[in-house]
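Undergrad: Handing you a structure now.
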Amino acid sequence: MSDRFDLEKDIMNVWATAEDLNIVNKLVLDGAEPLTEDEISNMIMGIEQTLDLRCRSLWDTFCRVYELDGYRKMKQEIE
């Protein structure tokens with residue numbers, strides 16, 4: 001079962017998205033070679049998908065820690 005430390009880890013993982021955006025920004029503005037619009041767009045879409053997965057993981061951990069949604073039934077069945 002997940003605990004508050006797992007929840008904290010997942011919250012920090014969501015914050016990592018800001019660092020991902022900083023990396024893209026540096027490549028776009030200060031990179032050795034200019035990036036095409038497609039390359040930039042693909043990077044941003046990749047970050048969007050990664051953020052979505054991080055948020056889903058965070059929500060799942062939140063539900064596990066506070067025994068919400070389907071996890072409430074799981075605990076009742078175990079007892």
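Quick note: the coordinates plus some simple rules give every number you see, no bench work behind them. What you are looking at is a predicted structure, and each value in this text was computed from that prediction instead of being measured. Cβ coordinates were reconstructed from backbone atoms using ideal geometry, including for glycine residues, and neighbour counts include every protein chain displayed.
Undergrad: Okay, helix-only estimate at 222 nm for the chain: each DSSP H run of n ≥ 4 adds -39500 (n - 2.57), divide by all residues, round to 500 deg cm²/dmol; what do you get?
TA: Counting only the DSSP helices, I get -28500 deg cm²/dmol.
Undergrad: Considering the Cα positions of region 1-63, please state its Rg to one decimal place and its Dmax as a whole number of Å.
TA: My reading of the Cα-based Rg and Dmax gives 14.8, 47 Å.
Undergrad: Which residue, chosen from Ala18, Gly46, Met1, occupies the Cα position most advanced towards the positive end of the dipole of the chain, where the dipole is computed from +1 (Lys, Arg) and -1 (Asp, Glu) charges on Cβ about the Cα centre?
TA: Met1
Undergrad: Also, I was wondering about something else. I'd like the Karplus ³J(HN,Hα) series for region 9-21: coefficients 6.51, -1.76, 1.60, θ = phi - 60°, whole numbers in Hz, and an x wherever there's a Gly or Pro.
TA: 4, 5, 5, 5, 4, 5, 5, 4, 4, 4, 5, 4, 5
Undergrad: If the chain between Ser41 and Thr17 were fully stretched, how many nm would it gain, using 0.36 nm times the residue separation less the Cα-Cα distance? Walk me through the numbers on the way to the answer.
TA: Values: separation 24, 0.36 × 24 = 8.64 nm, distance 1.59 nm.
Between Ser41 and Thr17, full extension yields 7.1 nm more.
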